[in-house]
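To start, the structure under review is shown below, and the notes come after it.
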Amino acid sequence: MKDARIDRRMFLRGIGGVTAGVAAATALSACGTGTSRSAASSGGKGKTVVVRDSGGSWGAALQKAVYTPFTQETGIQVKVLNLDNAPLLAQIKQGRPQCDLINDSMMSFAKYAAEDALEALDRDRLKSVKSAKIPEAQITDHAIGHSFYGQCIAYRTDAFGGRKPESWADFWDTKAFKGGRAMCSPDGDLPELEFALLADGVPMDKLYPLDVDRAFKVLTRLRGDIKKFWDSGPVPGVLLSRQEVTMSTVWDGRIADLQKQGVPVERQLNGIRRQFSGYAIAKGAANADNAYRLMDFSLSAESQANLAKAFPSNPSSPLAYTKLTEDERNALAGAPKYYDKGFDADIDWWLKNESAVTKRWLEWARG
């Protein structure tokens, strides 16, 4: 799977190069199962919508749980575009976006909105926002959150003599929980400062604004035990499978795949950091009406539940969890029994500080 989390990093790097990217964007055509903008707009006008997602197993799940049922219900064909953020933004700035609806992180959408690259949403056209009880925190003027992924602890169950790590303090305790550690690099996701602060006793509800100096001091205490900084979703599983580390930070949806492969691993959700993904409509979208219809369909509690059955995504709709079996529900980090164990990443703080923190992180990692 090509994760949307990686696109966040590519977007951060690419946002400054939009002007150069505009010229190149004219030569781009959709990849994956998609089509070019001209092809999308020409055949069957009014019966097509082009949606950008990140493809892979995530895209396959969306096709099964959302796109195909949407087409069956409405007759509108869904064309898929797999394209990174920077060239897509360049297309929008040029006035010729290849896609209508964008499926991406809420943090990326904040950056799009700052570039005036998204349509202001008409909430009256999105009935599912109210019926699915989407939390207000996941509703902005330009995007609506549909699900979250979380970063948490993964550990080998055979590594600690039957003991189980219960917190980020245990992740940092290499005497009681021996073995190497792995953590994420900024090429994979946001630097993991929050986990260091939680390990040092900061309460979850007092994390922001992050004390950056304190966080790096705590990270330094663990630096010698960090065997690998991972930059893509599969890497923690490989490291745990090979017993190169006994604990790693991980995207929570990766654990089930490892367990199916027989790897003795478990997740610890205490202190999980949540980041939401959502939908937005590209400014100047050729099929805006159909984009609204697909967005509304996708945000329904039923669609979110169906997607969770096809892929370990965590619905933003609390009603979606009621449409799952107990086993299906409790396999998700977003289940009601787990939700209070974690916290939402503060997008506003990270938007203001990500560049400086990333620069400092890179210097710290090299040192």
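The values are calculated or read from the model by the stated rules, or taken from the named source; none is laboratory data. Computed from a predicted structure; not experimentally measured. Positions of Cβ are generated from backbone atoms using ideal geometry, with glycine treated the same way; all protein chains shown enter the neighbour counts. Side chains included, ligands, DNA and RNA excluded: accessible areas come from the protein's heavy atoms. Shrake-Rupley method; radii C 1.70, N 1.55, O 1.52, S 1.80 Å.
Residues I153, I255: which one is in a helix (DSSP H, G or I), open to solvent by less than 10 Å² (accessible area, probe 1.4 Å) and touching a strand residue (DSSP E or B) at 6+ places or on another chain (Cβ under 6 Å)? Give the derivation first.
On the way: I153 fails: in a helix (DSSP H, G or I).
The unique qualifying residue is I255.
Starting from residues that are open to solvent by 20 Å² or more (accessible area, probe 1.4 Å) and polar (S, T, N, Q), keep the ones in region 64-86 and report whichever is nearest to R52 (Cα to Cα).
Only one residue fits best here, namely N82.
Quick check, is P236 surrounded by 21 or more Cβ atoms within 10 Å (Cβ to Cβ), under 18 Å from the mean Cα position of the chain (by Cα) and within 22 Å of G188 (Cβ to Cβ)?
yes
Conditions tested, residue by residue: (1) aromatic (F, W, Y); (2) within 15 Å of I347 (Cβ to Cβ); (3) without any contact (Cβ under 8 Å) to a residue 12 or more places away in the chain.
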{"residue": "A90", "(1), (2), (3)": "no, no, no"}
{"residue": "F109", "(1), (2), (3)": "yes, yes, no"}
{"residue": "A137", "(1), (2), (3)": "no, yes, no"}
{"residue": "T157", "(1), (2), (3)": "no, no, no"}
{"residue": "A169", "(1), (2), (3)": "no, no, no"}
{"residue": "A176", "(1), (2), (3)": "no, no, no"}
{"residue": "L193", "(1), (2), (3)": "no, yes, no"}
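Which one of these does T322 not meet: (1) modelled with pLDDT under 95; (2) open to solvent by 10 Å² or more (accessible area, probe 1.4 Å)?
So T322 meets the others, but not (1).
To keep it simple, each residue is scored yes or no on (1) without any contact (Cβ under 8 Å) to a residue 60 or more places away in the chain; (2) surrounded by fewer than 21 Cβ atoms within 10 Å (Cβ to Cβ); (3) farther than 24 Å from G56 by Cα.
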position: G271; (1), (2), (3): no, no, yes
position: I281; (1), (2), (3): no, no, no
position: A288; (1), (2), (3): no, yes, yes
position: M295; (1), (2), (3): no, no, no
position: E328; (1), (2), (3): yes, yes, no
position: S355; (1), (2), (3): no, yes, yes
position: E363; (1), (2), (3): yes, yes, yes
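Can you tell me how many residues in region 309-336 are assigned to a helix (DSSP H, G or I) and either of a type outside the set (S, T, Y) or within 14 Å of S298 (Cα to Cα) (or both)?
11
With respect to the numbered conditions (1) assigned to a strand (DSSP E or B); (2) more than 17 Å from the chain's Cα centre (by Cα); (3) under 22 Å from L332 (Cβ atoms), which one is the sole condition not fulfilled by L198?
Answer for L198: the failing condition is (1).
Filter region 87-109 down to residues that are more than 25 Å from A61 (Cβ to Cβ) and either open to solvent by less than 30 Å² (accessible area, probe 1.4 Å) or aliphatic (A, V, I, L, M) (or both), then give me how many there are. Walk me through how you get there before you give the answer.
Of the residues in region 87-109, the ones more than 25 Å from A61 (Cβ to Cβ) are 89-96.
Now drop any that are not either open to solvent by less than 30 Å² (accessible area, probe 1.4 Å) or aliphatic (A, V, I, L, M) (or both), which leaves 89-92.
Of the residues in that region, 4 qualify.
Name the one entry in R221, R214 that is in contact with a helix residue (DSSP H, G or I) (Cβ under 9 Å, 6 or more places away or on another chain), without any contact (Cβ under 8 Å) to a residue 40 or more places away in the chain, part of a helix (DSSP H, G or I) and open to solvent by 50 Å² or more (accessible area, probe 1.4 Å).
R214
Taking region 156-169 on its own, how many of its residues are of a type outside the set (K, R) and open to solvent by less than 30 Å² (accessible area, probe 1.4 Å)? So that I can check it myself, show each step before the final result.
Taking region 156-169 and keeping what is of a type outside the set (K, R), we get 157-162, 165-169.
Right, trim to open to solvent by less than 30 Å² (accessible area, probe 1.4 Å) and you get 160, 165, 168.
So the count comes out to 3.
Do we have any residue at all in region 79-93 that's at pLDDT 95 or above, under 24 Å from R293 (Cβ atoms) and of a type in the set (D, E, K, R)?
So far as region 79-93 goes, yes, one or more of its residues are at pLDDT 95 or above, under 24 Å from R293 (Cβ atoms) and of a type in the set (D, E, K, R).
Could you tell me whether any residue of region 279-298 is at pLDDT 95 or above, farther than 30 Å from V49 by Cα and out of contact with any helix residue (DSSP H, G or I) (no Cβ under 7 Å at 6 or more places or on another chain)?
Pass one, region 279-298, residues at pLDDT 95 or above: 279-298.
Cutting the leftovers down to farther than 30 Å from V49 by Cα gives us none.
Checking region 279-298: not a single residue is at pLDDT 95 or above, farther than 30 Å from V49 by Cα and out of contact with any helix residue (DSSP H, G or I) (no Cβ under 7 Å at 6 or more places or on another chain).
Return the residues of region 44-103 that are of a type in the set (D, E, K, R) and within 22 Å of the chain's Cα centre (by Cα); say none if nothing qualifies.
Hits for region 44-103 are R52, D53, K64, K79, D84, D100.
Looking at region 110-123, which of the residues that are buried (at least 22 other Cβ atoms within 10 Å of the Cβ) and aliphatic (A, V, I, L, M) is farthest from Y279 (Cα to Cα)?
This residue is A117.
May I ask you to verify whether A182 is at pLDDT 95 or above, touching a Leu at 6+ places or on another chain (Cβ under 6 Å) and either open to solvent by less than 10 Å² (accessible area, probe 1.4 Å) or assigned to a loop (DSSP other than H, G, I, E, B) (or both)? So that I can check it myself, show each step before the final result.
Values: at pLDDT 95 or above: yes; touching a Leu at 6+ places or on another chain (Cβ under 6 Å): yes; either open to solvent by less than 10 Å² (accessible area, probe 1.4 Å) or assigned to a loop (DSSP other than H, G, I, E, B) (or both): yes.
Criteria met by A182.
Pairs needed: first member in region 123-134, at positive phi and at pLDDT 95 or above; second member anywhere, assigned to a helix (DSSP H, G or I) and crowded, with 20+ Cβ neighbours inside 10 Å; C-beta distance under 9 Å; at least 6 residues apart or different chains.
Filtered contacts from region 123-134: K133/A301.
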